[in-house]
Amino acid sequence: MKNALFFAKGFLIFSCVAATMLYIKAFSKNKNNFLYGLTEKYARSEKLPSPKLVFIGGSGLVFGLDSKRIQDSLHIPVVNMGMHAGLGITFELAEAELVAKSGDKVVMSFEYNADDDITIHGYDYLKAVAVDALPDIFKCVPVFDKLNYVELKYFYFSNSGKVLSAVQNGQLPAPFPIRCISSLTLFLNETGDIDYTKDDDTTKFTYRKNVFNTYGDVATRFDFSYDSTMLKGKKAVEQGYIKEVSLINKYVERLKQKGVQVSYLLPVIAKSDYILNKRVIDNLDIAYGRELKIPVLNTLSSSIYPDGLFFDTVFHLNIKGREKHTSEIIALLKKAFSI
């Protein structure tokens, strides 16, 4: 009986210590986080003289562009502010207003998303990191979003705050020990260091802050591609373009008033994913051409690439894909901006 009681107490103490360690780890700020790359991207944008070329959008841009090559070809300073589609286009458009100055040229490109609300507003647990990395974003978010952003910056990283926010978003289950374990998994797999390794373990890519080069592109090794059946992101997208186009147009007007030239670039997409979502994407393409108050630089057909040119998701090009896409972008921008 005494031995059983002893082991029970020991197990309880061990469980409490383990849960506490997981709790601290999961709710600490990981400054190595991929999203903290925003800090250096913004610092570069502030140092560059105008006119400059600014790319705004999700992670498709950080994998899809060779910004140095674009800068050298067009003879204009370039900063790639692309980061993560999960931040939502409200955040990304606020970035454009924050970064762009009179005389600048902005190219926007937003990936297709399976959830219209996420397309617009993004995930709180991602925005919490991004707001911490880029606090000046408060200057440019819409008034109705400011309270949410204040909560993200000053409340979300607190222990109770992050638990409550995660529970509200349906990301963490109860009870407490499971919340701790689940939050650590969420933290590592969604906002922390993520490893993508081939079966032979000879090539490795890790999503961390230090993967970016001076221009804001991913610069570490991603010169391999997965089989098309392994590409992440294959899912049906919603046709919620009305809110999206309206929001883009609203920010475009504000940018134009600042003397900024704005264009839109349809995101690259793997052919297999386009086939899955052909009807919706075709309709989005028509809507963009008809309703966006800025020129669309490319055509839908030119943005559909073979699966073999992608890295780990249906929007992330590998090295060969980046080279092809960059060449096409240079040609498009020379024509669009008369450079």
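The values are calculated or read from the model by the stated rules, or taken from the named source; none is laboratory data. Source: prediction; values computed, not measured. Cβ coordinates were reconstructed from backbone atoms using ideal geometry, including for glycine residues, and neighbour counts include every protein chain displayed.
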Practice item. Go through the residues of region 309-320 one by one and say whether even a single one is of a type in the set (S, T, N, Q) and under 20 Å from Lys68 (Cα atoms). Key: yes
Exercise for review: Tell me the helices (runs of 4 or more DSSP H) entirely within region 97-181 that contain at least 3 residues that are modelled with pLDDT of 85 or more.
Suggested key: 124-133
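I need the full set of residues from region 264-287 which are outside any loop (DSSP other than H, G, I, E, B) and within 14 Å of Gly57 (Cβ to Cβ), in order please.
Taking region 264-287 and keeping what is outside any loop (DSSP other than H, G, I, E, B), we get 264, 269-276, 278-287.
Those that are outside any loop (DSSP other than H, G, I, E, B) and within 14 Å of Gly57 (Cβ to Cβ): Tyr264, Ile269.
Would you check if there is a residue in region 295-317 being among the β-branched types (Val, Ile, Thr), touching a Phe, Trp or Tyr at 6+ places or on another chain (Cβ under 7 Å) and not in a strand (DSSP E or B)? Before the answer, list the steps.
Here is the first cut: in region 295-317, the ones among the β-branched types (Val, Ile, Thr) are 296, 299, 304, 313-314.
Those still in the list that are touching a Phe, Trp or Tyr at 6+ places or on another chain (Cβ under 7 Å) too: 296, 304.
Next, only the ones that are not in a strand (DSSP E or B) stay: none.
No, the conditions are met nowhere in region 295-317.
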Point to revise | Residues of region 51-95 satisfying the condition of being closer than 18 Å to Leu333 by Cα, small (Gly, Ala, Ser) and either free of Cβ contacts under 8 Å to residues at least 40 places away in the same chain or part of a loop (DSSP other than H, G, I, E, B) (or both) | key: Gly82
Exercise for review: Determine if region 251-263 includes at least one residue that is more than 23 Å from Ile329 (Cα to Cα), modelled with pLDDT of 90 or more and not in a helix (DSSP H, G or I).
Suggested key: yes
Practice item. Starting from region 28-50, take each residue that is farther than 15 Å from Thr214 by Cβ and list its partners that are surrounded by 12 or more Cβ atoms within 10 Å (Cβ to Cβ) and modelled with pLDDT of 95 or more, counting only C-beta distances under 6 angstrom and pairs at least six apart or across chains. Key: Ser50/Lys101; Ser50/Gly103; Ser50/Asp104
Check your understanding: Quick check: anything in region 127-136 of a type in the set (Val, Ile, Thr), in contact with a Phe, Trp or Tyr (Cβ under 9 Å, 6 or more places away or on another chain) and more than 25 Å from Glu253 (Cα to Cα)?
Key -> yes
